[in-house]
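Trainee: Mind looking over this structure? Questions follow.
The values are calculated or read from the model by the stated rules, or taken from the named source; none is laboratory data. Quantities reported herein were computed from a predicted structural model and do not represent experimental measurements. Cβ coordinates were reconstructed from backbone atoms using ideal geometry, including for glycine residues, and neighbour counts include every protein chain displayed.
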Amino acid sequence: MTTTTPTPTAPLATVVADTAALTGRSRTHVLRSPDTVITTALMPVAILLLFTYVLGGAIDTGSRTGSYVDYLLPGILVITLATGVSYTAYRLFLDLQGGLLERFRSMPIARSAVLWAHVLTSVVANLVPVALVVGVAFVVGFRPRAGVLGWLAVVGVLVLLALALTWLAVVAGLTASSVEGASAFSYPLILLPFVSSAFAPTGSMPGPVRWFAEHQPVTACVDALRALLAGQDAAGSTAAALAWCAGLLVVAATLAALTFRRRFP
Amino acid sequence: MDTTTAPRPPARPTAAAAISVRGLTRSYGDLAVLPGVDLDVATGSIVALLGTNGTGKTTLVKILATLLPPDGGTATVAGADVTTQGHRVRTALSLTGQFAAVDGVLTGRENLVLVARLRHLPRPGEVADALLRRFSLADAGDRRAATYSNGMRRRLDLAMSLVGDPAVVVLDEPTTGLDPEGRREVWQAVRELAAGGTTVLLTTQYLEEAEQLADRVAILHGGRVLVEGTLAELTALLPPARVEHVEKRPSLEEVFLALTSAGSTAGTTTSTSTRQEDLR
């Protein structure tokens with residue numbers, strides 16, 4: 001990840017120590033506003049229940065095994081991550097506006113630590129609402145058949161996706177001119193799963209929409225997560241999902257580093 | 001000066017100025033905010049940069065703190081160049097910006113511990129406790145900074161800038177927006193700082209503040225330092241005052257302070273009516 005480090009000259013020990021100190025601070029922010037975790041999980045849970053009990057019955061997934069919840073959950077998890085990372089953009093924007101970012105930049109610390117702290121906190125903090133949503137899914141009938149390795153792969157895909165989306169949130173937080181603007185970037189991310197295989201098979205969609213749905217990262221991630229959770233052979237789809245996430249991560253992190261350097265030469 | 005603070009490092013070489021600025025320029029688009037500034041701040045002195053709003057005080061301060069690159073000219077802090085030796089400058093210089101940059105979610109103590117950890121000090125907790133005592137914040141140390149009054153936030157801000165005993169402290173309008181009590185508290189803190197040998201550069205738009213605190217005053221106008229010298233040197237620039245007999249009336253500030261200081265203890269008595277909602 002050297003591409004995202006604005007000061008490649010800072011010794012690694014300094015980067016680690018400074019990132020640890022600032023991550024501790026961000027963690028305190030999250031722990032002192034547990035409502036952000038709850039509200040992050042709230043809408044995905046609502047969509048989960050809505051589709052399970054209201055709309056799901058009318059959707060033909062073409063699957064003879066498993067319930068609609070099994071089909072639905074991966075997309076809901078993507079929505080959960082997209083919702084959660086907007087808090088990172090929000091917190092970064094507040095640091096910028098309140099002068100704290102300026103204070104940190106005027107101190108002899110590793111510059112990259114300021115962003116990494118927000119990013120690491122975001123990834124860990126977003127796994128909590130994800131776990132909440134999975135818990136609710138179990139209650140309404142979610143029955144995975146994944147083994148230990150499958151679950152590890154699921155976590156891996158989700159962490160990588162959270163990382164990529166968080167770097168996008170960093171760009172939003174650094175460039176926003178208002179609190180609303182800082183979190184508005186996540187709206188299209190939340191809608192993206194609706195034009196993917198998350199809720200219904202892409203085969204039922206008209207030509208251009210279907211083409212888009214089949215060539216966007218949410219479909220790749222959702223297909224991989226679904227296959228992994230169902231305990232099916234998921235090597236190909238997992239590789240595709242990881243490739244999408246890694247590509248997205250590199251682009252977003254580079255964009256964030258460039259934005260940071262342009263804004264603070 | 002409170003003796004519980006960490007011992008100061010040995011005296012730094014006095015030959016070089018703590019801050020030396022030569023022909024420094026900076027423009028925003030077509031607007032030349034600093035058309036060419038020269039300024040020296042001797043080690044261990046308090047220099048006030050006096051100027052009205054929009055004269056480039058903050059721009060100059062941000063360049064010194066490496067937050068903004070200059071267009072031309074040179075500026076050194078403790079012998080380190082702000083453009084090429086930024087890390088050394090950031091180690092030597094601590095900036096207290098115009099608006100108290102404290103983390104409202106963290107307690108006062110946590111704010112100080114964080115800065116101490118970021119400065120890689122061996123015992124962050126002890127450093128934080130010593131500074132809380134020094135700035136009369138010990139009782140409020142475990143409260144979130146968002147609940148502090150303006151004066152307390154300012155003092156915490158200043159305390160955060162002093163973690164690790166930086167050689168040079170730059171204060172950008174340290175008392176703007178403070179009530180008279182808060183202003184006096186900050187002044188006292190600055191005096192103690194200078195008594196301990198720290199170099200202080202402060203910007204202000206208040207003539208009284210410059211008179212009260214500074215060894216030397218530089219008047220910045222239109223992005224240039226018009227005059228620079230001791231208070232006596234500056235007042236000697238104008239013809240001597242005529243002797244007049246004027247009945248001395250107490251200033252409103254004197255009345256206010258006489259009325260409000262009775263029975264109150266410094267630090268925790270800032271009136272709630274002056275408290276601004278913390279927006280963070």
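Trainee: Take A:Ala213 and decide whether it is part of a helix (DSSP H, G or I), out of contact with any strand residue (DSSP E or B) (no Cβ under 6 Å at 6 or more places or on another chain) and farther than 16 Å from A:Val154 by Cβ.
Mentor: yes
Trainee: Inside region B:152-171, can you point out the residues that are of a type in the set (D, E, K, R) and buried (at least 22 other Cβ atoms within 10 Å of the Cβ)?
Mentor: B:Arg153, B:Arg154, B:Arg155, B:Asp157
Trainee: Quick check: is even one residue across region A:29-37 part of a helix (DSSP H, G or I) and away from every other protein chain (no Cβ under 14 Å)?
Mentor: Yes, some residue in region A:29-37 is part of a helix (DSSP H, G or I) and away from every other protein chain (no Cβ under 14 Å).
Trainee: How about region B:29-73: which of its residues are farther than 18 Å from B:Thr176 by Cβ, within 14 Å of another protein chain (Cβ to nearest Cβ) and in contact (Cβ under 8 Å) with a residue 24 or more places away in the chain?
Mentor: Hits for region B:29-73 are B:Ile63, B:Leu64, B:Thr66, B:Leu67, B:Leu68, B:Pro70, B:Asp71.
Trainee: Looking at region B:249-265 only, could you name the residues that are at pLDDT 75 or above and either more than 26 Å from B:Pro180 (Cα to Cα) or in a loop (DSSP other than H, G, I, E, B) (or both)?
Mentor: Once the filter is applied, which keeps residues that are at pLDDT 75 or above and either more than 26 Å from B:Pro180 (Cα to Cα) or in a loop (DSSP other than H, G, I, E, B) (or both), region B:249-265 yields B:Arg249, B:Pro250, B:Ser251.
Trainee: Which residues, counting only those in region B:191-205, are over 13 Å from B:Lys57 (Cα atoms) and out of contact with any helix residue (DSSP H, G or I) (no Cβ under 6 Å at 6 or more places or on another chain)?
Mentor: Within region B:191-205, B:Arg191, B:Glu192, B:Leu193, B:Ala194, B:Ala195, B:Gly196, B:Gly197, B:Thr198, B:Thr199 meet the criteria.
Trainee: (1) within 13 Å of chain A (Cβ to nearest Cβ); (2) more than 26 Å from B:Val255 (Cβ to Cβ): which one isn't true of B:Arg154, the others all being true?
Mentor: In the conditions (1) within 13 Å of chain A (Cβ to nearest Cβ); (2) more than 26 Å from B:Val255 (Cβ to Cβ), B:Arg154 misses (2) alone.
Trainee: Okay, next question. Being of a type in the set (S, T, N, Q) and over 18 Å from the mean Cα position of the chain (by Cα) is the filter here, so list the residues in region B:16-73 that pass it.
Mentor: B:Thr25, B:Ser27
To keep it simple, each residue is scored yes or no on (1) modelled with pLDDT under 95; (2) at the interface with chain A (Cβ under 9 Å from one of its Cβ atoms).
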{"residue": "B:His87", "(1), (2)": "yes, yes"}
{"residue": "B:Thr91", "(1), (2)": "yes, yes"}
{"residue": "B:Leu95", "(1), (2)": "yes, yes"}
{"residue": "B:Ala100", "(1), (2)": "yes, yes"}
{"residue": "B:Glu110", "(1), (2)": "no, yes"}
{"residue": "B:Ser136", "(1), (2)": "yes, no"}
{"residue": "B:Gly141", "(1), (2)": "yes, no"}
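Trainee: Look through region A:13-25, keep the residues that are facing another protein chain (nearest Cβ under 10 Å) and buried (at least 19 other Cβ atoms within 10 Å of the Cβ), and return whichever of them is nearest to A:Leu132 (Cα to Cα).
Mentor: A:Arg25
Trainee: Out of curiosity, is B:Leu106 facing chain A (nearest Cβ under 10 Å), in contact (Cβ under 8 Å) with a residue 12 or more places away in the chain and buried (at least 24 other Cβ atoms within 10 Å of the Cβ)?
Mentor: Here the answer is no, as B:Leu106 does not meet what is asked.
Trainee: Hey, another quick one. Restricting to helices (runs of 4 or more DSSP H) lying wholly in region A:62-144: which have 2 or more residues that are more than 14 Å from chain B (Cβ to nearest Cβ)?
Mentor: Passing ranges, in order: A:68-84, A:86-98, A:111-139.
Trainee: How many residues does region B:188-241 hold that are outside any strand (DSSP E or B), among the charged types (D, E, K, R) and under 22 Å from B:Gly97 (Cα atoms)?
Mentor: 6
Trainee: On to the next question. Looking at B:Leu68 and the list (1) surrounded by fewer than 22 Cβ atoms within 10 Å (Cβ to Cβ); (2) modelled with pLDDT under 90; (3) touching a helix residue (DSSP H, G or I) at 6+ places or on another chain (Cβ under 7 Å), which single condition is not satisfied?
Mentor: Here B:Leu68 clears every test but (2).
Trainee: List every residue pair whose Cβ atoms sit under 9 Å apart, with the two residues 6 or more apart in sequence or on different chains, where the first one lies in region B:190-202 and is among the basic types (Lys, Arg) and the second, anywhere, is in a helix (DSSP H, G or I).
Mentor: B:Arg191/B:Gln212; B:Arg191/B:Leu213
Trainee: Which of the residues belonging to region A:156-190 are at pLDDT 90 or above, more than 17 Å from A:His118 (Cβ to Cβ) and surrounded by fewer than 21 Cβ atoms within 10 Å (Cβ to Cβ)?
Mentor: A:Gly156, A:Leu160
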